[in-house]
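Report on the structure given below.
The values are calculated or read from the model by the stated rules, or taken from the named source; none is laboratory data. Every value quoted in this text rests on a predicted model; they were computed, and no experiment measured them. Positions of Cβ are backbone-derived with ideal geometry, glycine not excepted, and every protein chain shown enters the neighbour counts.
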Amino acid sequence: MDAIHRELQRLDRELSHRAGLAGWMLEEAPLLPAAIGLMAGLATAHLAPWPFWSWIVLLPTIGLAVAVLGRRRAPWGPAAMLILVAVAFAAVGVLRLAAFERPGRYDLTPSIGAEPILATLRGVVLTDVHQADRDDWLFGRYSWSGGGGSFYLRVTRARTPRGFQPAHGTVRVQTDASAETLDLEPGDRVQIYCRLAGFQQPLNPGTFDMAALMRRRGVCGAATVPAADGIILLEKAPRTSLSYWQTRLRRIVRQALLDDRLGDDQSRAIVEALLLGRRAGSPEVFEAFRRTGLAHFLCLSGLHFGILAGFVWRLARTAGLGKPGRAAVCLAVTVVYMMIVPPRAATLRAAVLCWFFCIAALVGRRGRPLNTLALTAIIMLLIRPMELFAADWQLSYGTVAGILLFYGPLRDRLGYALPGHRLTAGRAARLGPWLDAGIAWARDLLGVGLAAWLGGTGILLYHFGTITPLSAFLTVLVYPLVLGILTFGFIQLPLAVLFPTLATLAAAAATALGGVMVSLVQAIQHLPAVQITVGHVPVWVIGLYYAMLLSWRLLPREGPLRRPLVRAAAAIGLLAPILAFSHDRRPPGVELTVLSVGHGQAIHIALPDGRDWLFDAGSMNLRDPGRRVIVPYLRYRGVDELDAIIISHDDVDHLNAIAEVAADVRTRRVLSTEAVLVRTAEYSSAGLLGRHLQQRGVPIKSMDMEPIGIGPVRIERLWPDDATCRDPTVSDNDKSLVMRIGCGGRTVLICSDIEAFGQAELLQQPDRLKADMLIMPHHGSRTHLNEQFIRAVDPWAIVVSCSRTRQASAYQPSAGVHGFYTPTDGAVTIRIEPDGRATVRGHCSAREIRMDPD
């Protein structure tokens with residue numbers, strides 16, 4: 001019967017395609033052109049900001065031309081109508097984005113700039129206080145002072161010379177005070193004394209763009225409040241407000257679902273993420289889910305809503321309710337559920353889809369999934385137009401569209417590849433129905449996973465530079481655990497009221513399954529090819545991938561072009577990653593990138609033989625610089641393995657990110673000087689890091705003094721010598737590793753933190769100091785700088801890695817010497833070709849200088 005059913009469904013799809021693409025779209029998804037047009041209008045207006053009047057002229061002109069074409073050529077009638085709808089909604093997209101970006105009368109945005117200003121604001125708290133975790137990175141408790149929290153504030157008034165005046169806008173408040181000290185809830189009215197500034201653009205390639213995220217959310221600035229005294233509670237949230245009851249409901253549900261006495265912290269964190277959408281727990285565990293392509297389980301989406309709706313639907317049917325009654329109960333339960341969970345893109349999409357299907361059941365209409373998805377996208381983009389450019393929004397809708405478009409064909413092919421049982425005799429025959437059911441379940445789940453992978457893999461590749469080819473198969477493996485956790489979790493709610501003991505047993509079962517799930521995902525992350533790191537991919541590769549994919553699915557099944565298109569689509573699907581790999585990869589010479597990490601240092605060295613080194617990794621004033629700056633940069637560059645991490649000396653701002661880098665990026669070895677090795681046995685920064693790396697199986701080892709030759713590149717260790725490393729009278733800074741890298745007759749000198757003593761000793765060998773590019777000692781500090789040392793190096797360009805507050809007092813080069821500063825230029829890349837050509841370029845400033853061969 002399954003084979004007959006599949007054949008009937010395939011025949012139905014074949015017949016629907018004979019009406020042509022336009023006819024199929026009018027039948028199955030008439031709102032799809034409107035959604036595509038709206039997205040095209042938003043994207044075009046955002047990426048090509050033409051004058052507003054030009055859109056007023058252009059879009060009606062295109063629409064008129066399409067309408068005339070549709071009237072004159074009858075076969076084009078349906079297609080012309082769909083194009084006209086798309087053009088009309090493109091105009092709506094342009095107008096909506098213009099309205100979204102236009103500041104209101106009392107908008108705070110025009111008053112907020114890059115430099116902080118003192119401000120006194122009054123407003124309403126919008127969110128719970130998020131408590132920062134100081135233990136989520138190795139040096140968090142020692143290096144970062146901000147153990148406080150953050151929340152969002154809807155500003156209503158701002159103090160001016162004329163007193164408090166009306167003001168509109170949302171700001172993100174960051175404070176060193178803890179959530180317990182603040183004791184704030186959504187709906188509370190407060191007054192804050194703060195430093196108000198705009199969000200900084202990312203200073204390094206691959207770094208998460210916080211400014212763009214806040215702009216999409218309509219958040220106009222960041223307010224920094226140093227202490228709890230700077231936040232004054234004016235009025236608690238009234239008991240009649242929705243936010244008050246929403247907060248109470250969240251607390252009640254969380255207490256009912258989560259029992260702190262059961263399981264470990266990580267097991268409970270996974271259960272909380274699956275049930276309530278609250279992401280907590282170890283970053284290493286989340287990284288394991290990301291590497292395996294299973295992070296979608298931790299984001300509330302259609303899967304979670306489907307299980308919840310199915311659970312409620314079955315309960316309502318057991319209670320004797322008809323289809324409209326069941327739909328009404330599902331609608332009510334999912335509305336309440338949305339009041340509990342965070343309103344993320346995937347969650348909102350899943351909720352609106354669920355509500356539309358419930359409404360269709362209430363009025364007796366058949367739902368059309370693709371049309372409903374298009375309607376959901378239109379509604380959400382009209383409310384939040386900038387969400388179109390968010391990776392989570394694109395992934396949410398892209399994967400669901402992939403399921404709706406490709407699940408049917410994939411299921412048919414899997415049906416032929418995985419037929420039913422062939423057990424015909426004896427006891428084995430009794431297993432036939434169970435075996436058939438298991439095969440059908442796995443086949444359907446694999447089909448959904450593959451379809452979602454096809455829809456989302458291009459988006460993942462573009463935004464994150466990775467491919468997870470095994471994610472569809474791993475989904476089949478992990479899904480039973482997810483189903484069990486969600487089922488036991490949802491059962492807890494009614495049991496908590498009626499049978500508390502049974503609710504505790506359900507909680508124990510969910511927590512136990514959460515622990516099994518964590519262990520399983522952490523184990524399978526080490527499978528070969530579980531993740532392929534590609535790096536930054538040009539948008540044309542992604543566009544070509546989706547164009548061929550949609551051509552294969554939507555073009556007519558018959559005709560002379562069908563078979564070549566299928567082959568071309570398969571070829572593009574295989575070649576797109578190869579094309580991505582070949583894009584802007586390994587330099588023929590050497591490339592150094594000095595990352596912008598505030599007061600600290602992290603230098604990526606790309607060598608011509610394919611190896612990558614990281615010279616130092618630390619920051620004094622950034623929180624978790626490893627996972628926030630360095631690892632994203634390495635992924636952007638397509639680096640999935642570091643041949644070596646080199647530690648210059650025992651100083652926290654040079655090594656406090658190494659543990660996280662070594663955890664997230666495969667690292668073969670960690671090297672340093674004898675001076676650092678001595679310090680690893682002591683109570684020091686190097687000691688803490690050394691013990692951690694020893695446990696991970698990557699101990700710190702000594703770096704040779706002998707020069708290293710790698711193709712046209714020569715690497716020399718100039719300082720310190722063995723005697724200096726053993727001398728207790730020499731400071732850690734003056735024992736810093738100094739390295740000289742040469743290629744094609746050009747050289748780069750990395751000075752780390754050497755001060756007066758180290759510089760004076762190096763001046764004894766002036767012939768080895770000469771360099772074209774100098775990475776300044778001690779972050780460009782003038783305090784212990786020997787001007788004679790700079791003259792001996794005689795650089796053509798200098799690079800200073802420092803914080804924004806230190807840049808004004810940092811060393812300024814003399815005339816004729818180019819200066820690059822990481823707070824303003826961003827990451828600075830030095831590239832030297834084998835023929836001696838050299839370039840130095842700032843990532844943010846886009847300033848580039850060139851040196852031709854001698």
Query raised in the report: Taking the range 579-597 on its own, how many of its residues are assigned to a loop (DSSP other than H, G, I, E, B) and at pLDDT below 95?
Result: 8
Requested in this report: Would you be able to say whether some residue in the range 736-749 is over 22 Å from T593 (Cα atoms) and not basic (K, R)?
Outcome: no
Query raised in the report: Scanning for something in contact with a strand residue (DSSP E or B) (Cβ under 6 Å, 6 or more places away or on another chain), of a type in the set (D, E) and farther than 19 Å from D653 by Cβ, does the range 813-835 turn up at least one residue?
Result: yes
Query - Enumeration of residues in the range 652-677 that are among the acidic types (D, E) and within 22 Å of D135 (Cβ to Cβ) - result: D653, E660, D664
Report summary line: From the option list S685, S702, single residue qualifying as buried (at least 16 other Cβ atoms within 10 Å of the Cβ), under 21 Å from D753 (Cβ atoms) and touching a residue at least 24 places away in the same chain (Cβ under 8 Å) is S685
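Each row is one residue, and each column tells you yes or no for (1) charged (D, E, K, R); (2) touching a residue at least 40 places away in the same chain (Cβ under 8 Å); (3) out of contact with any strand residue (DSSP E or B) (no Cβ under 7 Å at 6 or more places or on another chain).
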{"site": "S267", "(1), (2), (3)": "no, yes, yes"}
{"site": "I270", "(1), (2), (3)": "no, yes, yes"}
{"site": "A273", "(1), (2), (3)": "no, no, yes"}
{"site": "R278", "(1), (2), (3)": "yes, yes, yes"}
{"site": "G281", "(1), (2), (3)": "no, no, yes"}
{"site": "V285", "(1), (2), (3)": "no, yes, yes"}
{"site": "R291", "(1), (2), (3)": "yes, yes, yes"}
{"site": "L298", "(1), (2), (3)": "no, no, yes"}
{"site": "S301", "(1), (2), (3)": "no, yes, yes"}
Report summary line: Of the residues in the range 267-298, those that are in a loop (DSSP other than H, G, I, E, B), within 22 Å of L527 (Cα to Cα) and at pLDDT below 85 come to S282
**Report entry** Filter pass, R666 being under 20 Å from the mean Cα position of the chain (by Cα), touching a residue at least 40 places away in the same chain (Cβ under 8 Å) and either closer than 21 Å to E284 by Cβ or not assigned by TED's automatic domain parsing to the domain that holds C743 (or both)
**Finding:** no
Query raised in the report: Name the pairs whose Cβ atoms lie under 6 Å apart, with the first residue in the range 805-818 and farther than 17 Å from M851 by Cα, the second surrounded by fewer than 16 Cβ atoms within 10 Å (Cβ to Cβ) and modelled with pLDDT of 90 or more, and 6 or more positions between them or separate chains?
Result: Y811/R782
Report task. Take I710 and decide whether it is surrounded by fewer than 19 Cβ atoms within 10 Å (Cβ to Cβ), on the phi < 0 side of the Ramachandran plot and within 36 Å of the chain's Cα centre (by Cα). Result -> yes
Query raised in the report: Looking only at the range 374-417, which residues are more than 24 Å from the chain's Cα centre (by Cα) and farther than 22 Å from L82 by Cα?
Result: F406, Y407, G408, P409, L410, R411, D412, R413, L414, G415, Y416, A417
Query raised in the report: Counting just the residues of the range 134-152 that are closer than 26 Å to P343 by Cα and in contact (Cβ under 8 Å) with a residue 40 or more places away in the chain, which one comes out surrounded by the most Cβ atoms within 10 Å (Cβ to Cβ)?
Result: Y152
Report task. Kindly list the number of the only condition in (1) under 26 Å from L450 (Cβ atoms); (2) free of Cβ contacts under 8 Å to residues at least 60 places away in the same chain; (3) among the hydrophobic types (A, V, I, L, M, F, W, C) that fails for L321. Result -> (1)
Query raised in the report: Got at least one residue in the range 115-129 being more than 29 Å from E387 (Cα to Cα), in contact (Cβ under 8 Å) with a residue 60 or more places away in the chain, surrounded by 19 or more Cβ atoms within 10 Å (Cβ to Cβ) and outside the structural domain of G600 (by TED's automatic domain parsing)?
Result: yes
Report task. Only residues that are surrounded by fewer than 19 Cβ atoms within 10 Å (Cβ to Cβ) and under 26 Å from G398 (Cα atoms): list them for the range 312-330, please. Result -> none
Query - Selection status of R366, outside any helix (DSSP H, G or I), out of contact with any Ser or Thr (no Cβ under 7 Å at 6 or more places or on another chain), of a type in the set (D, E, K, R) and more than 13 Å from S301 (Cβ to Cβ) - result: yes
**Report entry** Tally, over the range 600-654, of residues that are touching a helix residue (DSSP H, G or I) at 6+ places or on another chain (Cβ under 6 Å) and either in a helix (DSSP H, G or I) or small (G, A, S) (or both)
**Finding:** 11
